[in-house]
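Asks: One structure, as structure tokens, below. Some questions next.
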Amino acid sequence: MLYEESIPEYIRAIRLNPIPPNKYIWSLGLAYGFTGQYEEAIKWCEKAVHQEPNDLLAQVMMTQVYSWSGRDEEAQAQTAEVLRIQPKFSLKKWEKKVTYKNETDREKILGALRKAGLPE
């Protein structure tokens with residue numbers, strides 16, 4: 001499913017669930033980020049981080065979205081949060097765990113996380 005197509009599906013799922021899983025929330029933020037709608041992406045990723053501050057995926061998505069939007073200082077601050085939760089975090093390990101739709105997505109994600117200062 002394309003990111004543009006997933007946005008209304010996530011919105012519907014969140015609306016229908018009185019207590020939506022955090023994954024729905026940060027996934028919506030990620031979909032907005034991939035479509036270049038950074039303010040919406042930030043809004044939803046911030047909500048996910050606020051809802052579950054120790055959710056590693058939410059923190060990584062927040063880092064990524066800040067980096068994509070050019071909010072470098074915030075992205076670097078998020079890097080500290082990622083490392084607080086998982087001190088041995090590395091891009092090499094992350095790359096092996098995460099699935100990518102294509103090489104372009106992979107490079108966009110890893111480039112953003114590199115730019116934010118996460119260790120190789």
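Asks: Can you tell which of 47, 108 is in a helix (DSSP H, G or I), surrounded by 14 or more Cβ atoms within 10 Å (Cβ to Cβ), at pLDDT below 95 and under 13 Å from the mean Cα position of the chain (by Cα)?
Replies: Result of the check over 47, 108: 108.
Asks: Any chance you could count how many residues in segment 64-83 are out of contact with any helix residue (DSSP H, G or I) (no Cβ under 7 Å at 6 or more places or on another chain) and not in a helix (DSSP H, G or I)?
Replies: Here the count works out to 2.
Asks: Now a separate question. Starting from segment 37-50, take each residue that is on the phi < 0 side of the Ramachandran plot and list its partners that are at pLDDT 95 or above and surrounded by fewer than 18 Cβ atoms within 10 Å (Cβ to Cβ), counting only C-beta distances under 7 angstrom and pairs at least six apart or across chains.
Replies: 48/22
Asks: Search segment 56-70 for residues being within 11 Å of the chain's Cα centre (by Cα) and surrounded by fewer than 24 Cβ atoms within 10 Å (Cβ to Cβ), and hand back the single one that is nearest to residue 22 (Cα to Cα).
Replies: My answer is 57.
Asks: Checking the condition closer than 20 Å to residue 5 by Cα and of a type in the set (S, T, N, Q), which residue from 63, 35 passes? Talk me through it step by step, then tell me what you get.
Replies: Values: 63 fails: closer than 20 Å to residue 5 by Cα.
Answer to the selection: 35.
Asks: State which residue is nearest to the chain's Cα centre (by Cα) when the search covers only segment 84-105 and only residues that are surrounded by fewer than 11 Cβ atoms within 10 Å (Cβ to Cβ) and not in a helix (DSSP H, G or I).
Replies: Ranking the candidates gives 99 first.
Asks: From (1) of a type in the set (Val, Ile, Thr); (2) surrounded by fewer than 17 Cβ atoms within 10 Å (Cβ to Cβ); (3) closer than 20 Å to residue 3 by Cα, pick out the condition that doesn't hold for residue 19.
Replies: It is condition (3) that residue 19 fails.
Asks: Got a number for residues in segment 111-120 being aliphatic (A, V, I, L, M) and part of a helix (DSSP H, G or I)?
Replies: Number satisfying all stated conditions: 2.
Asks: Follow-up. With 81, 73 as the choices, which residue is in contact (Cβ under 8 Å) with a residue 24 or more places away in the chain and surrounded by fewer than 19 Cβ atoms within 10 Å (Cβ to Cβ)?
Replies: Values: 73 fails: in contact (Cβ under 8 Å) with a residue 24 or more places away in the chain.
81 is the lone residue from the list that is in contact (Cβ under 8 Å) with a residue 24 or more places away in the chain and surrounded by fewer than 19 Cβ atoms within 10 Å (Cβ to Cβ).
The values are calculated or read from the model by the stated rules, or taken from the named source; none is laboratory data. None of the values given here were measured: they were computed from a predicted structure. Because the Cβ atoms are built from the backbone with ideal geometry, glycine has one as well, and the counts that use them run over all protein chains shown.
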